[in-house]
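Throughout, read-outs are computed from the coordinates displayed, never taken from laboratory work. None of these values were measured; they are calculated from a predicted model. Cβ placement follows ideal geometry from the backbone for every residue including glycine, while neighbour counts extend to all protein chains displayed.
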Amino acid sequence: MKIQICIFILCILSACTSLEKNDKVSVSERNILVNDSVYLIKGICYHPVPKGSNQRSFETLSKDLELMNEAGINTIRLYAPADDKAVLDQIYQAGIKVIVGFGYNQNGYFDILTGSFADYIIKYKSHPAILFWELGNEYNYHPNWFEGDLKNWYMALNQAALKVKEIDGTHPVGTAHGELPDSLALSICTDIDIWGMNVYRWDDPGEIFTQWKAISGKPMYLSEAGADSYMTISKNGYAKGENQKAQADATRKILESIITNKDVCAGVAIFAFADEYWKAGNPDTQDPGGWAPNSSGVPYDGAPNEEYWGIVDIDRNKKEVFGVVKEQYRLLNTKTILKR
């Protein structure tokens, strides 16, 4: 009887260990691999700020993860690290992985400028929820942050990538670049493994995949893509005002383009999960307007309307685009042959 109990306990401990076993994430040619299998990012940008606030909160995480599971989302892209093991545990238990983003100057909160981002990586590099580390978010649109010279940013970026690799040999390092990186970015940032690109080219990003294929053999994904649900003007048959159909139609076409080009593109993080009331006016109400760099390509009015980008509204009611994401992510099959 004692032997049987011991065997039972050992089995439980073994099962718990296997659940917490960290996956090996790597890159091979244009692929992101998890345990040597191709991983296509069916992602969502996630920065949950409650109504009436301008601070991120994970108080709705359980409900959000249920909705993400329903939509077929397998990856969350965070703009800032979540320094809470319970949050990462919950995401992992939902079967979702995380791209952890680090800013350049975040007043010392795990940022690149102070080097404190390394402390976070040391702390969480063995957590099984981590997909890869991502340095910066379209900083190429802000040379004024780097003494007017983007070379300063790219050098800091590559040095940070080298530091990541010193600390963690089991996860790649990426960046989220505004649009296609140019020759300066590529020549300096040789230690970036995965290039994310925030791309807003109306409802068809297809040309960027051809452009990337011509200049690099590394993996790329769309770190931001999508549309908002507010039309500043009437255009292309879509009426002025809140217009969920415009958002849904544009997102469908964008995702169809990604699926067509998955020999080059490793996936997408749709922007964004929930509407964000803090961006353009009173955080208690949803306001049109807001500004984002290089946003003239936002479908279908060329205006970003920053508070209307969610696939769900701020109360977690599904918008029309939710069904589109669910439908298209089913088609973006993660079991594919290695891409060349």
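Ratio to report: Rg/Rh of region 32-174, with Cα atoms as the point set and Rh obtained by the Kirkwood method; give two decimals.
We get a ratio of 0.97 for region 32-174.
Pick out, from Phe102, Pro143, Gly290, the residue whose Cα sits farthest towards the positive end of the charge dipole of the chain, with +1 on the Cβ of Lys and Arg and -1 on the Cβ of Asp and Glu.
The Cα lying farthest towards the positive end belongs to Phe102.
Compute the signed sum of charges (Lys and Arg +1, Asp and Glu -1) over the other residues within less than 12 Å, Cβ to Cβ, of Pro48.
0
Figure the gain on full extension for Asp191 and His142 (residue separation times 0.36 nm, minus the Cα-Cα span) and round it to one decimal in nm.
Between Asp191 and His142, full extension yields 15.5 nm more.
Of Lys253, Lys319, Lys123, which has the largest mean-square fluctuation in a 10 Å C-alpha GNM of the chain?
Its mean-square fluctuation being the largest, the pick is Lys123.
State, to one decimal in nm, how far the label point of Ser28 lies from the label point of Asn236, with both points 7 Å from Cα in the Cβ direction.
Using points 7 Å along Cα→Cβ, the separation is 3.8 nm.
Mind scanning Lys163/Lys213; Lys42/Lys163; Lys63/Lys319; Lys97/Lys245; Lys42/Lys125; Lys24/Lys262 and naming the pairs with a C-alpha gap bigger than 19 Å?
Lys163/Lys213; Lys42/Lys163; Lys97/Lys245; Lys42/Lys125; Lys24/Lys262
Working out 0.36 nm times the residue gap between Glu327 and Glu166, then minus their Cα-Cα distance, what length gain in nm do you get to one decimal?
53.9 nm
In a GNM of the chain with a 10 Å cut-off on Cα contacts, which of Gly148, Gly297, Gly72 has the highest mean-square fluctuation?
Between Gly148, Gly297, Gly72, it is Gly148 that shows the largest mean-square fluctuation.
Ignoring everything except DSSP H segments at least 4 long, calculate the 222 nm mean residue ellipticity for the chain; use -39,500 (n - 2.57) per segment, divide by total residues, nearest 500.
-10000 deg cm²/dmol
Sketch the reach of a paramagnetic label on Leu184 as a point 7 Å from Cα along Cα-to-Cβ, and name the residues of region 131-162 whose backbone nitrogen lies under 18 Å away.
Residues 136-159 fall inside that zone.
So how much slack lies between Ser296 and Glu320, counting 0.36 nm per residue of separation and subtracting their Cα-Cα distance, in nm?
Contour length minus the Cα-Cα distance gives 6.3 nm.
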